[in-house]
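Below is one structure, written out as structure tokens; comments come after it.
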């Protein structure tokens, strides 16, 4: 049966913006939660957003990041936890698909968070 989100996540009201993704159980650091974006040149900004990609909110101090996986015919972005996520935590990521400075900030923030844990 198709499930738009992993069993570990739910959508709820966010204090950041509108709706967000929240952990319904603890999620370990380094967990790949699933595909958020699929590269497709005919879509706005060149990406198709999945349900998982449509509900995480931006943070300058994220607890997740977007990893790139290269498939035979296209690229995909996956949401990956940067640290252990506690029950009830909102999952956040730095928006990076369209802004190189955000990507560089994400790398620096991710390195700092990994050193903290």
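Tabulated data
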read-out: Residue in segment 39-49 that is closer than 17 Å to residue 95 by Cβ, touching a residue at least 24 places away in the same chain (Cβ under 8 Å) and under 13 Å from the mean Cα position of the chain (by Cα) present; value: no
read-out: Top-ranked residue of segment 10-30 - restricted to ones that are within 26 Å of residue 115 (Cα to Cα) and surrounded by 16 or more Cβ atoms within 10 Å (Cβ to Cβ), ranked as nearest to the chain's Cα centre (by Cα); value: 21
read-out: Within segment 79-117, tally of residues that are more than 28 Å from residue 41 (Cα to Cα) and modelled with pLDDT of 85 or more; value: 9
read-out: Scan of segment 29-46 for residues that are in contact with a helix residue (DSSP H, G or I) (Cβ under 8 Å, 6 or more places away or on another chain) and under 16 Å from residue 75 (Cβ atoms), ordered by number; value: 34, 35, 36, 37, 39, 40
read-out: Qualifying residues in segment 59-76 (those that are under 9 Å from the mean Cα position of the chain (by Cα) and within 26 Å of residue 41 (Cα to Cα)) - the one surrounded by the fewest Cβ atoms within 10 Å (Cβ to Cβ); value: 67
read-out: Test: residue in segment 60-78 that is within 23 Å of residue 112 (Cα to Cα), outside any strand (DSSP E or B) and modelled with pLDDT under 90; value: yes
read-out: Complete set of residues in segment 9-28 that are part of a loop (DSSP other than H, G, I, E, B) and at pLDDT 95 or above; value: 24, 25, 26, 28
read-out: Search result, residues across segment 30-57 that are within 21 Å of residue 13 (Cβ to Cβ) and in a strand (DSSP E or B); value: 33, 36, 49, 57
read-out: Residue in segment 86-94 that is surrounded by fewer than 16 Cβ atoms within 10 Å (Cβ to Cβ), part of a loop (DSSP other than H, G, I, E, B) and on the phi > 0 side of the Ramachandran plot present; value: yes
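The values are calculated or read from the model by the stated rules, or taken from the named source; none is laboratory data. Note that the structure is a prediction, hence the values are computed from the model and not measured. Cβ sites come from the backbone with ideal geometry, for glycine too, and all protein chains shown count toward neighbours.
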